[in-house]
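Note sheet for the following structure.
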């Protein structure tokens, strides 16, 4: 089996690092706080807390998708699709708790 190096690995790593830095006190922090609130919620509050957490996760996913799509638009096919796959995989690995 031949293992090949990801063509976009370094670019994606820098993009995700930048996102993490930019959103550490924004979307990512909010998602972490709401996840914690959900985990501490009693039965009566759990459904609402989970909904709030899912809204925050959706906002993170949307922001990452926007970043991915902006860069992918600069690439020609089929490189754009390869980049998108590699970006999705890297983002899922980095933020496993936000993955779907």
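Computed from the coordinates by the stated procedures, all read-outs in this text should not be read as laboratory data. Quick caveat, the model's predicted, so the values are computed rather than measured. Ideal geometry is used to build each Cβ from the backbone, glycine not excepted, and the neighbour counts take in all protein chains shown.
Less than 11 Å from a label point 7 Å out along the Cα-to-Cβ axis of residue 70: which backbone N atoms in the range 19-47 qualify, by residue?
Output list for this probe position: 19.
Which entry in [x] 1.04; [y] 1.27; [z] 1.54 is this structure's computed Cα Rg over 2.2 N^0.38 Å?
[y]
Could you give the length gained by full extension between residue 93 and residue 41, i.e. 0.36 nm per residue of separation minus their alpha carbon distance, to one decimal place? Kindly include the intermediate steps, with their values, before the conclusion.
Working: separation 52, 0.36 × 52 = 18.72 nm, distance 2.72 nm.
Once the chain is fully extended between residue 93 and residue 41, it gains 16.0 nm.
If we restrict to alpha carbons, what Rg and Dmax does the range 1-52 come to, in Å?
17.5, 53
Do you know the relative contact order of the range 28-98, to the nearest whole percent, from alpha carbon pairs under 8 angstrom that are 6+ apart? Working shown, then result.
Working: 32 pairs, mean separation 17.0, N = 71.
Worked out over the range 28-98, it gives 24 percent.
Before rounding to the nearest 500, sum -39500 (n - 2.57) across all DSSP H runs of length at least 4 in the chain and divide by the residue total; then give [θ] at 222 nm in deg cm²/dmol. Working shown, then result.
Working: 4 runs with 75 residues, N = 100.
Computed ellipticity for the chain at 222 nm equals -25500 deg cm²/dmol.
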